[in-house]
Amino acid sequence: MDKLFEDLKTVLTDELTLHSELVNAAEKMNHAIKEKNVEAVHSMTGIYDSIIGQIDTLEAKRLEICDGIAQKGNPPKKHMTLQSALTLLSKKEQEPFFDLRKALKDKVNSLSRINTANELMLNETLLAVSKKFELITHFEVKKGSYKNTGTMDTATVRRNIVNQIV
């Protein structure tokens, strides 16, 4: 059982490290969005996704360890949350786990705040691009045309500025 709790502590420490890296990546993405640096946003998105994949792997491992603790408990259970697994330890043994858990919650809250800001800025940018395309496609130029006889055609040709030939 002690080995499982050591593994759990290692996984939580690794998760905290990855969440710190994720917050750093989100902050860099925030600055790139503010600077309208598309290449940096693209680069940071790749890094962000990579870290998320690593966190998903660690979370699966954490759940597996908690299930292992549950199965070795008395009476054996199928699943167990981190909170209920920690109740099997003494108060003194619980302290480092609660510290890690609090630090993880703080990182997740910070990440949530930054992600919300990034989402808002990206949505504003997409809305602005959408409005620009809407203006472009609705801006029409009337151009007179001539019939084969050389007289002016009464029907006009409408073109938008996207397909306008200069």
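What follows is calculated from the coordinates using simple rules that are stated; it is not laboratory data. Being a predicted model, the structure only gives us computed values, none of them experimental. Because the Cβ atoms are built from the backbone with ideal geometry, glycine has one as well, and the counts that use them run over all protein chains shown.
Applying the selection to segment 63-102, what residues are among the basic types (K, R) and assigned to a helix (DSSP H, G or I)?
K91, K92, R101, K102
When both residues are 6+ apart or on different chains and their Cβ atoms are under 7 Å apart, which pairs have a first residue that lies in segment 115-137 and is in contact (Cβ under 8 Å) with a residue 12 or more places away in the chain and at negative phi, and a second that is charged (D, E, K, R) and not in a helix (DSSP H, G or I)?
Cβ pairs passing all conditions: none.
Going through segment 62-82 one residue at a time, which ones are free of Cβ contacts under 8 Å to residues at least 60 places away in the same chain and more than 15 Å from V11 (Cα to Cα)?
Answer for segment 62-82, where residues must be free of Cβ contacts under 8 Å to residues at least 60 places away in the same chain and more than 15 Å from V11 (Cα to Cα): A70, Q71, G73, N74, P75, P76, K77, K78, H79, M80.
Just a yes or no: is a residue in segment 93-116 surrounded by 14 or more Cβ atoms within 10 Å (Cβ to Cβ) and farther than 22 Å from D14 by Cβ?
No.
Go through segment 1-53 and report how many residues are in contact with a Phe, Trp or Tyr (Cβ under 7 Å, 6 or more places away or on another chain) and outside any helix (DSSP H, G or I).
Final tally of qualifying residues: 0.
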